[in-house]
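Quick notes on the structure that follows.
The numbers here are math on the coordinates, done by the rules we state, and not lab data. Since the model is a prediction, treat every value here as computed from it, not as a measurement. Note that each Cβ is placed from the backbone with ideal geometry, even for glycine, and that neighbours are counted across all protein chains shown.
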Amino acid sequence: MIFIVYFLEYFRLIYNVFRKLFYKNSFAIASQAKNSRLNSAQLFLISFFLSPLVGLIFMIKTKKRFSYYVYQYKCPRCKYYFTENYKICSHYEKDGYKIELKEVKKIMT
């Protein structure tokens with residue numbers, strides 16, 4: 001009888017450790033979803049209900065977001081973006097003003 005009590009205590013201890021690791025791994029996998037097409041809530045639910053291993057496989061196998069940078073040139077006065085590299089704003093050049101354009105790096109997805 002005492003053997004069963006020790007076995008149940010040991011089983012409860014192992015279960016609590018496994019459960020905490022399960023939750024922590026689910027949260028860890030969900031926090032790494034920044035470049036995946038799945039958002040962190042979706043990845044957490046997959047990891048939590050299926051298993052963290054399945055969530056990790058989903059995170060690795062889903063295609064990554066394709067993003068690249070585009071340099072544009074912005075007029076600080078009229079807030080217009082130019083794709084070509086001009087030195088001054090062509091809108092204000094007609095009025096006689098010479099406003100230099102600022103280079104802006106934009107993320108395109």
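A few points about this structure:
- Across the cross-link table entries K34/K106; K20/K64; K64/K102; K34/K74; K24/K61, which are compared at the Cα atoms, the separations over 25 Å belong to K20/K64; K64/K102; K34/K74.
- Under 5 Å from the amide H of F82 lie the amide H atoms of Y73, K74, C75, each residue being 5 or more positions distant or on a separate chain, with H modelled from the backbone and absent for Pro and chain starts.
- Label-point separation in nm, N39 to S67, each point 7 Å along Cα→Cβ: 1.5 nm
- Degrees, to the nearest 10: 52-61 long Cα axis against longest axis of the chain: 30 degrees
- Ordering of 20-29, 46-55 by packing is 46-55, 20-29, highest average first (other Cβ atoms within 10 Å, averaged per residue).
- Relative to the longest principal axis of the Cα atoms of the chain, the long axis of helix 40-49 makes an angle of roughly 10 degrees.
- Put simply, the amide H of I99, placed in the peptide plane, has neighbours under 5 Å in C89, leaving out anything fewer than 5 places away on its chain.
- Over region 2-61, the pair-distance histogram of Cα-Cα distances with 10 Å bins from zero comes to 25, 38, 18, 14, 5, 0 percent, rounded to whole numbers.
- Rg followed by Dmax, in Å, when the chain is reduced to its Cα trace: 27.5, 98
- Against the chain, whose longest principal axis comes from its Cα atoms, helix 2-31 is set at around 10 degrees.
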